[in-house]
Amino acid sequence: MLKDNIKSIRKSKGLSQEELAIKLNVVRQTISKWEQGLSVPDSELLVSLADALDTSVSTLLGENIQKQEEDILKQVAEKLEIINIELAHKKETTRKIWNYLFIAICILIIFIFIGIFKLGNIYMEWDYNDPELAILGVGVHSFVWIFIRIAPIAFIVSIIGICLTRKKY
């Protein structure tokens, strides 16, 4: 177990036996013997070995390295799942906002149309000799003229928007 852990951790760190031997002030053959299971490092060298490999002594002595990697992968997967849930929530919120906005535009257009047809052309009967009424009348007439031409297109676009942003089951 120790021999396999030393070898796999050394390789995962990208170290050769020679490089590890230099870090520990031992000969390369010592590292080779440890990795072959022909000898084991004493307690002092074991601590130095753990430091050189940037790992813990318990990992060298038998804690499953693969289990650590699986734990790391599990943590990454959990974080990704949380991010995906947050993104899905944000997307759903954005969809709802657009849907309600399109519905509000349709309702507003309908109410303005009802108001225009209920009032009729009362601004045409105003006394345009009064400058304030003349300006107001021209403004109201301009609004009605532009609204009657643009509102149907905006209404159709809003209906399409409602259809595209509705919740799909």
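Any read-out appearing in this document is the output of simple, stated calculations on the displayed coordinates, not a laboratory observation. Since the model is a prediction, treat every value here as computed from it, not as a measurement. Here Cβ is always computed from backbone atoms with ideal geometry, including for glycine, and neighbour counts include all displayed protein chains.
General observations
- Scoring 155-166, 139-150 by mean Cβ neighbours within 10 Å over their residues and listing the highest first yields 155-166, 139-150.
- Kyte-Doolittle mean at least 0.0, axial Cα span of 27 Å or more - DSSP H helices of the chain: 65-119, 131-165
- Applying D = kT/(6 pi eta Rh) to the chain, where Rh is the Kirkwood radius over alpha-carbon pairs, T corresponds to 10 °C and eta to 1.306 mPa s, the Stokes-Einstein value obtained is 68 µm²/s.
- The distance between label points at Phe143 and Lys74 comes to 6.5 nm (points 7 Å beyond Cα on the Cα→Cβ vector).
- Stretching Ile103 away from Ser48 to a fully extended chain increases their span by 12.8 nm, per 0.36 nm per residue minus the current alpha-carbon distance.
- Kirkwood hydrodynamic radius over Cα pairs of region 2-63, then Stokes diffusion coefficient at 4 °C and 1.567 mPa s, in µm²/s: 116
- Inter-site label distance for Glu92 and Met124 at 7 Å from Cα along Cβ, in nm: 5.3
- Cα-based Kirkwood hydrodynamic radius, region 73-165, one decimal, Å: 16.9
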